[in-house]
Amino acid sequence: MSDIVPIKLVCLDLAGTTVGDIAMVERAFAEAIATQGIVPGTGAYARAMVHVHRSRGCPKIDVFRGIFPGNEAQAQAANLTFERSYEGALERAGLVPMPGVMEVLDKLRGTGIKLALITGFSRTTLSRILGVLGWHDKIDLAISPEDAGGRGRPWPDMILHAVLRLGVEDVRNVAVVGDSESDMLCGRRAGASIVAGLMTGVHSRERLLKGGATHILDSIIDFPSLVLSDDLGTTQVASSAR
């Protein structure tokens, strides 16, 4: 008897996974911390951007709290600047889906799988992103940390929120795909059967495996065949991830 559990819900990350806006995000972070006196060419700036890189996928306000520990007002001010900067970039340049993403979404939905976008952006920014992308008919749910009680990645709350909202009976029916270590941690902590790390973002294969990736993929184009496969072991790397 097969112990393969069918996937009924796929949780997808945004930046670096489904849309290619990594440079826009990093510029917004740089502008935000500059308003708080941390400017390029200084050691403080270098340390802050290392923290930003390590914290990819986490709620943006939590990233700023890490840069400005013990100073909530400063973190909130930087976060507000970040949101304004990023949303301004959206209006000027728009967003470009990663190659093959539209086909991936259509193929997964065509099999009856539910799709949820999960992100570290605020609800306001996420709404702007969805408006720019026009994906309202492509996904079933889009979740920010605020929608899940305030805790974002690496906590499992957003995935579990999607499970509850979309009526999925078992967390093993969930597959997660993302490009950061926090995506992987979130998926593993939620109990997802598939936690696929993509090499199209900012974190290395080693970082993805450290976070608990069960599979490593070169492109999101490879994701549907993994989710719909009867033999998930063909590309599995779970033993290396632990």
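See the values below:
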quantity: Accessible area of the chain belonging to carbon and sulfur atoms, whole % at 1.4 Å probe; calculated: 51 percent
quantity: Centroid-to-centroid separation of region 159-220 and region 97-128 [C-alpha atoms, Å]; calculated: 14 Å
quantity: Diffusion coefficient, µm² s⁻¹, Stokes-Einstein with Kirkwood Rh over alpha-carbon pairs of region 21-93 at 20 °C and 1.002 mPa s; calculated: 178 µm²/s
quantity: Two-decimal Rg to Rh for the chain - Kirkwood Rh, Cα set; calculated: 0.97
quantity: Structure-based [θ]222 nm, the chain - -39500 (n - 2.57) summed over DSSP H runs of at least 4, per residue, nearest 500; calculated: -13500 deg cm²/dmol
quantity: Rg over Rh, two decimals, region 1-132 (C-alpha only, Kirkwood Rh); calculated: 1.07
quantity: Amide H within-cut-off set for residue 21, under 5 Å, with H built and near neighbours excluded; calculated: 16
quantity: Long-range lysine pairs (8 or more apart or interchain), the chain, Cα under 27 Å; calculated: 9
quantity: Accessible area (Å², per residue) of the chain, counting only protein heavy atoms and a probe of 1.4 Å; calculated: 44 Å²
quantity: GNM flexibility winner over the chain from 41, 149, 57 (Cα, springs under 10 Å); calculated: 41
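The values are calculated or read from the model by the stated rules, or taken from the named source; none is laboratory data. Everything numeric here is computed off the predicted structure, so don't read it as measured data. Ligands, DNA and RNA are stripped out before the accessible areas are found, and what is left, the full protein with its side chains, is counted by its heavy atoms. Shrake-Rupley method; radii C 1.70, N 1.55, O 1.52, S 1.80 Å.
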